[in-house]
2 protein chains.
Amino acid sequence: MNTYVYGYGPEGKERLIVIDLGVTFPDMEGSPGVDLIMADAAWLEANVNRIDAIFLTHGHEDHIGAMAHLWPKLKAPVYARRFTAHLAQLKMEEAGLPSDMIRIVEPRPKAVEVGPFRVQFVPVSHSIPESSSLVIDTPAGRVVHTGDFKLDGNPVVGEPFDPLEWHEIAHEGTGVKVLCCDSTNVFSHTPGRSESTLVSPLKDLIAAQKGMVVATTFASNVARLKTLAEAGRAAGRSVCLLGRAMRKMVQVAEETNVLKGFPGTLSPEDAVEVGRDKLMLIVTGSQGERRAATAQLSRGKYLGFEMKEGDTFLFSSKTIPGNERSVIRIMNALSEMGVDVVDDHGGLYHVSGHANRPDLDAVHDLLRPQILIPMHGEHRHLREHAKIAASKGIATEVATNGTMIDLTGAAPKVVEYIETGRVYLDGSVLIGALDGVVRDRIRMALNGHVLITVIVDEDDAPLGDAWVELMGLPERGKSGGDLMRIVEDELSAFLESAPDKVIRNDDKLDEALRRIARQVAMEEIGKKPEVTVVVSRLMAE
Amino acid sequence: MNTYVYGYGPEGKERLIVIDLGVTFPDMEGSPGVDLIMADAAWLEANVNRIDAIFLTHGHEDHIGAMAHLWPKLKAPVYARRFTAHLAQLKMEEAGLPSDMIRIVEPRPKAVEVGPFRVQFVPVSHSIPESSSLVIDTPAGRVVHTGDFKLDGNPVVGEPFDPLEWHEIAHEGTGVKVLCCDSTNVFSHTPGRSESTLVSPLKDLIAAQKGMVVATTFASNVARLKTLAEAGRAAGRSVCLLGRAMRKMVQVAEETNVLKGFPGTLSPEDAVEVGRDKLMLIVTGSQGERRAATAQLSRGKYLGFEMKEGDTFLFSSKTIPGNERSVIRIMNALSEMGVDVVDDHGGLYHVSGHANRPDLDAVHDLLRPQILIPMHGEHRHLREHAKIAASKGIATEVATNGTMIDLTGAAPKVVEYIETGRVYLDGSVLIGALDGVVRDRIRMALNGHVLITVIVDEDDAPLGDAWVELMGLPERGKSGGDLMRIVEDELSAFLESAPDKVIRNDDKLDEALRRIARQVAMEEIGKKPEVTVVVSRLMAE
């Protein structure tokens, strides 16, 4: 959920620009029921009048996914290159927001001047077209914000890495003061490989198959889609794209001219008529997403397609940590259908979109920054990257979320920790990660939920017995009896003999009933459930 | 949750032996709140009089973890080698079960004769001492059940792989009819590496550290514990084992004579007094388990120990798929403390306990079975292993859970699918995976829970307003209003005008209230919660 802020000006009155407004994805363990996770923009909201612009480096969800949710709070003009802008505009339109706030920028030497900032978009390679680094010039010096990038001299789609341009950037004026640099692959010790190295292995793989071939990759990896589609065509197969996100990506890439010569594809309706040895599907869901085409195909018939013995399913992708269970479940479901499942095969059928350690070294050496701030990656990646910088004599600092750093001196200086955190999109509303809503969901999931209803009459006497409902709890306890009845009996026995002062006091009564229910459950089933108590008091008329 | 059954005799009256009674571990996504997952033993219970014995191949939880829960249903005598038997006995004792039902067996040439079976334990290498393959002789021929195994000529602790013995097994009598064979590493194409290859790299790594060194691995990997402890001692460090499971393993291994010459260790109380450059901790929790020592240390002070800048934390382990998030969280928490986190480094500091594909090939060639049934591994592993067998002209079959196979012919023949499934240990009770308990927990976690209480008086008229409680739901909806009040108002409005026939009918009233609550929630917060309705009817006296 990338969201970076640069400021320049007198202390507390700095003019601000925001780089990217991304999301990350929830999981059952930490954020059940949540739809999207984004940065808490409270500090930006409080300083909204100081924001001059928002810049988007590229179109991945972790860089633009929060646009429709956070932009309404910030309302600044948004700058992006054509393809990225198009994707962001679609998000704004779907949310009924003004898409004309997004302005298309041509790459360097063109520049955007906002407040004290002059910003240039520099084409870099990544796993989506038109990824850009930003060269940000300020009166205090030049910042290069790499965004997600790799060095690729032949990226299949989009501009190759241009060392001459980077050499220029390093040598203009006083050179690069600060490099904020992608750290994702800092633990990968071999040089990164070009997207184009996949063309021949994928062609060979697909040409060798006899049944239906289905391949999945990230919908936004337009270069990979092209390589896969061309490999399918070269093997004499008709190609069909399954999945809304994937068709949208190809369409936007073609409309914005970043993709040319993509082979003709069939609609799903036409593709089902094609013999399976003449067909290749390229589908969404490489990360095991429940509703995407990959998961659907692993569960049986989908849009008329059904996988069978002798078919091949290729994951031209890497599983993002945390998604392993879902992906493995799908692989095994396909295996049970008799499908041959092929994964990236140690890199033969997939390459990363990020710079490996030797590539990072090359960029450090090319740009010779005075300061290096590692970004993109977990803490251990940032720390490792900072160590490399330090070993080269480059001043550095590991900046965790909320860290405000003064970059104007010879070395970075932490000046403040902004209170920051996460905001959840939950259904249609935004909630704070610490509001307790998700905590309660996790507790119910771990412990089950007991509901106790008690009616107290006009004279403060319990009317009838306690009523208990169980949700997410075993029906029967150790004693073999009905757990609900056992709890009810214990509560009713308590009510019969409870002192008036407890019955009259809501808090005391609630607490006593809760404690008994939890204790009985502990004895019967060995766990203490969440308890909600409703005491209804009849009023004298 | 390995549980295998072999039978011999007239159809439907076969005498049975059970191999292993294992568990698998729950996760928040599929089994929140559950403590352990084991096989549903209903079919075995229904045929309990036919069970002659239970055999345990080795002491890992996925092979003996269900002993205390399933043995009481089966009650057959249990056979295991000394170390495994000791671990199983501890489990029985902790559960108050008769531990003398577990009988210690010496390895081949000794044999256990039960019913029509003659069973020999053959030492193999694995990541726990005394792992065994079983040679099962029946009137219909010889079965070799490998259990978990690898080929290791120098396993540090325990018996090396003995090709001569396996050659004998293959050539006695009519040879091997059936090989049931570990498939876990069938996708690993290089020969497996010996545990002993880690000795020198681990020594070098630990000798090079300056601060405190902490290493984690599986508690049951006694060989690794020994290598780590010796490396620590060689570097002039005092060694301390943290974690009950780890100390228990070393103790049992020493008591049963499988472990000799383990370096002396300090108690935690004494170890805290040692300077951090002179100390090495070996700790539990390599898989990120929340309560284990690794997780505790990543959260701060634990038993007086606290990790700091300049310390080193070694994961001498591989993350089991599904545990990545927990392990990565811990690695980053340690990184934030300034700790250098070292992982297996591409195999330099960890080797697998399973046979790789070339090793499997060697075993096939050595044993020359007529039939090969792949076991241990996901479906895709079994399928791949079966393909290899088929390519060598060995008759084979992928047996999914519940498959009953006739092995007496020239080729395996599926004769029945036993209804099988999973049973959960939930707190102190066993529940069926399909009982709906866990499904309800997942629903509450994803959707939240709304509780509605309504009182209906003696004349079938609603008494007062509906009362609503929310659990795991946002406080405020899109309209900005209090969600609880909004739902209450809608329900009360409905109650005021609801026809008598609805108010009088429990089901209709429940359904109407539920539908309104879900609809209002959908409008306000964009999701439909779980709803529990309690209607209390006052009785005329």
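The values are calculated or read from the model by the stated rules, or taken from the named source; none is laboratory data. Please read these numbers as outputs of a predicted model, since none were measured by experiment. Neighbour counts run over all protein chains shown; Cβ positions are idealised from the backbone, glycine included.
Here are the numbers:
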quantity	calculated
Residues located in region B:313-338, provided they are buried (at least 18 other Cβ atoms within 10 Å of the Cβ), at the interface with another protein chain (Cβ under 9 Å from one of its Cβ atoms), over 23 Å from the mean Cα position of the chain (by Cα) and in contact (Cβ under 8 Å) with a residue 12 or more places away in the chain	B:Ala333, B:Leu334
Unique match (being out of contact with any Gly (no Cβ under 6 Å at 6 or more places or on another chain), more than 23 Å from B:His350 (Cβ to Cβ) and either in a loop (DSSP other than H, G, I, E, B) or not assigned by TED's automatic domain parsing to the domain that holds B:Asp406 (or both)) among B:Gly261, B:Gly232, B:Gly236	B:Gly236
Index of the failed condition, B:Lys478 passing every other in (1) surrounded by fewer than 18 Cβ atoms within 10 Å (Cβ to Cβ); (2) modelled with pLDDT of 95 or more; (3) within 10 Å of chain A (Cβ to nearest Cβ)	(2)
A:Val502 being in the same structural domain as A:Asp460 (by TED's automatic domain parsing), over 23 Å from A:Glu458 (Cα atoms) and out of contact with any Cys (no Cβ under 6 Å at 6 or more places or on another chain)	no
Qualifying positions in region A:267-287 - among the aliphatic types (A, V, I, L, M) and surrounded by fewer than 17 Cβ atoms within 10 Å (Cβ to Cβ)	A:Val272, A:Val274
Residue list for region A:296-312, filter: crowded, with 19+ Cβ neighbours inside 10 Å, among the small types (Gly, Ala, Ser) and away from every other protein chain (no Cβ under 14 Å)	none
Flag if B:Pro369 is over 24 Å from the mean Cα position of the chain (by Cα), more than 9 Å from every other protein chain (Cβ to nearest Cβ) and either surrounded by 20 or more Cβ atoms within 10 Å (Cβ to Cβ) or not in a loop (DSSP other than H, G, I, E, B) (or both)	yes
Considering residues of region A:339-356 that are touching a Gly at 6+ places or on another chain (Cβ under 9 Å) and not small (Gly, Ala, Ser) only, the residue surrounded by the most Cβ atoms within 10 Å (Cβ to Cβ)	A:Val339
When residues of region A:372-416 are limited to those that are of a type in the set (D, E, K, R) and in a loop (DSSP other than H, G, I, E, B), the one nearest to A:Glu165 (Cα to Cα)	A:Lys392
Of all residues making up region A:39-63, the number that are under 13 Å from the mean Cα position of the chain (by Cα) and surrounded by fewer than 22 Cβ atoms within 10 Å (Cβ to Cβ)	2
Residue satisfying all of: in region B:288-312; outside any helix (DSSP H, G or I) and under 21 Å from the mean Cα position of the chain (by Cα); nearest to B:Asp340 (Cα to Cα) among these	B:Gly288
Unmet requirement for B:Ala445, which otherwise passes all of (1) touching a residue at least 24 places away in the same chain (Cβ under 8 Å); (2) closer than 29 Å to B:Thr184 by Cβ; (3) surrounded by 15 or more Cβ atoms within 10 Å (Cβ to Cβ)	(2)
Residues being basic (Lys, Arg) and either at positive phi or within 45 Å of the chain's Cα centre (by Cα) (or both) - total across region B:474-507	2
In region A:44-74, the residues that are without any contact (Cβ under 8 Å) to a residue 24 or more places away in the chain and among the small types (Gly, Ala, Ser)	A:Ala46
Some residue of region B:65-80 being part of a strand (DSSP E or B), out of contact with any Asp or Glu (no Cβ under 9 Å at 6 or more places or on another chain) and closer than 29 Å to B:Glu159 by Cβ	yes
Breaking point among (1) charged (D, E, K, R); (2) in contact with a helix residue (DSSP H, G or I) (Cβ under 9 Å, 6 or more places away or on another chain); (3) within 12 Å of another protein chain (Cβ to nearest Cβ); (4) not in a loop (DSSP other than H, G, I, E, B), for B:Arg439	(2)
Tabulated pairs, region A:411-433, first within 14 Å of another protein chain (Cβ to nearest Cβ) and buried (at least 16 other Cβ atoms within 10 Å of the Cβ), second among the basic types (Lys, Arg) and not in a loop (DSSP other than H, G, I, E, B), C-beta under 7 angstrom, 6+ apart or interchain	A:Ala433/A:Arg422
Set B:Val520, B:Val533: member being under 22 Å from A:Gly472 (Cβ atoms), out of contact with any Pro (no Cβ under 9 Å at 6 or more places or on another chain), buried (at least 16 other Cβ atoms within 10 Å of the Cβ) and within 13 Å of chain A (Cβ to nearest Cβ)	B:Val533
Among the candidates A:Val213, A:Val252, residue that is under 28 Å from the mean Cα position of the chain (by Cα) and either touching a residue at least 24 places away in the same chain (Cβ under 8 Å) or closer than 19 Å to A:Leu297 by Cα (or both)	A:Val252
Of the criteria (1) in contact with a Lys or Arg (Cβ under 9 Å, 6 or more places away or on another chain); (2) more than 26 Å from B:Leu198 (Cα to Cα), which one B:Gly288 fails	(2)
Residue list for region B:445-467, restricted to those being at the interface with chain A (Cβ under 10 Å from one of its Cβ atoms) and not in a loop (DSSP other than H, G, I, E, B)	B:Ala445, B:Leu446, B:Asn447, B:His449, B:Leu451, B:Ile452, B:Thr453, B:Val454, B:Ile455, B:Trp467
Region A:269-287 - residue that is in a loop (DSSP other than H, G, I, E, B) and touching a Gly at 6+ places or on another chain (Cβ under 8 Å) and, of those, farthest from A:Ala207 (Cα to Cα)	A:Gly285
Residue, farthest from A:Gly141 (Cα to Cα), within region A:417-436, restricted to residues that are assigned to a loop (DSSP other than H, G, I, E, B) and under 16 Å from the mean Cα position of the chain (by Cα)	A:Ala433
Residue within region A:384-395 that is assigned by TED's automatic domain parsing to the domain that holds A:Thr138, at pLDDT 95 or above and under 26 Å from A:Leu21 (Cβ atoms) present	yes
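Residue-wise test of (1) farther than 30 Å from B:Arg15 by Cα; (2) within 26 Å of the chain's Cα centre (by Cα).
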{"site": "B:Ser132", "(1), (2)": "no, yes"}
{"site": "B:Thr138", "(1), (2)": "no, no"}
{"site": "B:Gly141", "(1), (2)": "no, no"}
{"site": "B:Glu159", "(1), (2)": "yes, yes"}
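One line per residue, one yes/no per condition, for (1) part of a loop (DSSP other than H, G, I, E, B); (2) of a type outside the set (Gly, Ala, Ser); (3) more than 10 Å from chain A (Cβ to nearest Cβ):
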residue: B:Ala493; (1), (2), (3): no, no, yes
residue: B:Val502; (1), (2), (3): no, yes, yes
residue: B:Asp510; (1), (2), (3): no, yes, yes
residue: B:Arg515; (1), (2), (3): no, yes, yes
residue: B:Lys527; (1), (2), (3): yes, yes, no
residue: B:Met539; (1), (2), (3): yes, yes, no
